[in-house]
Amino acid sequence: MNMVEAERRLLANALMDISNERFVLLSESCIPLFNFSTVYDYLINSTKSFVESYDLPGPVGRGRYSKMMSPLITLEQWRKGSQWFEVDRFLAIEVITDQTYYPVFWQYCKNDCYGDEHYLPTFVDMNFPTRNAYKTLTYVDWSKGGPHPNRFRREEVTEEFLKKLRTSSQCYYNERIVNVCHLFARKFSPNSLDKLLRFAPIVMNF
């Protein structure tokens, strides 16, 4: 739960600037797939926040649930999702002021329970489902299996590859189907930076 505590502190500090309306958590291996104005417009005009949240049977989903969380949180309400999220100001305030669910997670989500993959997905699904798009804006490649997503190496970074990441899927945005579903992507290795800088002006119009 130390990661969740860190996320709450980051949100609390960002909320101190009253001009901030949207809050995005990214990792050091993330890259933007679009230029700033496109990302800004996508977020500021969205009617939803973007917190991935789903029910996952098995050891890395429901298997991490503790019966000690009941009756406040039941197994049927337990959710999993990506730790990379985007929330609006309303949800950010709700997260940092939560004194009901967070203490339960702090007490019982330990050892093999990773709070950053369960707290926000469960909290948002239980309390604010209509405000959530139920997806992450950060693309990851899980095709190789294992506990961690694929790390993109320098030789994989091409103009065609970046274009594919930008528009390779369809999703709902403000109740209409669009082909821009991810604004960011991970994991990129540090040695791919020079190629990313080379292709960014071409692909992303930086």
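The values are calculated or read from the model by the stated rules, or taken from the named source; none is laboratory data. Here the structure is a predicted model, which is why all the values come from computation and not from measurement. For neighbour counting, all protein chains shown are included, and Cβ atoms are generated from backbone atoms with ideal geometry for every residue, glycine included.
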Within segment 53-81, considering residues that are aromatic (Phe, Trp, Tyr) and within 17 Å of residue 107 (Cβ to Cβ), the one farthest from the chain's Cα centre (by Cα):
65
If we ask which residues in segment 129-172 are of a type in the set (Phe, Trp, Tyr) and surrounded by fewer than 18 Cβ atoms within 10 Å (Cβ to Cβ), their number turns out to be 3
Out of segment 88-122, which residues are under 15 Å from the mean Cα position of the chain (by Cα) and assigned to a helix (DSSP H, G or I)?
91, 92, 95, 115, 116, 117, 119, 120, 121, 122
Scanning segment 39-63 for residues that are in contact with a Pro (Cβ under 9 Å, 6 or more places away or on another chain) and crowded, with 16+ Cβ neighbours inside 10 Å gives 39, 51, 52, 53
I'd like to verify a number: residues in segment 6-29 that are of a type in the set (A, V, I, L, M, F, W, C) and either at positive phi or not in a loop (DSSP other than H, G, I, E, B) (or both), how many?
8
Pairs, please: C-beta under 7 Å, at least 6 apart or cross-chain, first residue on the phi > 0 side of the Ramachandran plot and in segment 165-192, second of a type in the set (A, V, I, L, M)?
none
Criterion (farther than 21 Å from residue 46 by Cβ, assigned to a loop (DSSP other than H, G, I, E, B) and out of contact with any Cys (no Cβ under 8 Å at 6 or more places or on another chain)) met by exactly one of 206, 199
206
Of all residues in segment 73-87, which are in contact with a helix residue (DSSP H, G or I) (Cβ under 8 Å, 6 or more places away or on another chain) and either closer than 18 Å to residue 187 by Cβ or crowded, with 21+ Cβ neighbours inside 10 Å (or both)?
73, 78, 79, 81, 82, 83, 85, 86, 87
Checking the condition more than 15 Å from the chain's Cα centre (by Cα), surrounded by 14 or more Cβ atoms within 10 Å (Cβ to Cβ) and at pLDDT 95 or above, which residue from 25, 15, 11 passes?
15
What's the number of the only condition in (1) assigned to a loop (DSSP other than H, G, I, E, B); (2) over 28 Å from residue 14 (Cα atoms) that residue 76 fails to meet?
(1)
Is it the case that segment 135-150 has a residue that's touching a Leu at 6+ places or on another chain (Cβ under 8 Å) and part of a helix (DSSP H, G or I)?
no
Just wondering, is there one or more residues in segment 55-72 that are modelled with pLDDT of 95 or more, more than 19 Å from residue 118 (Cα to Cα) and basic (Lys, Arg)?
no
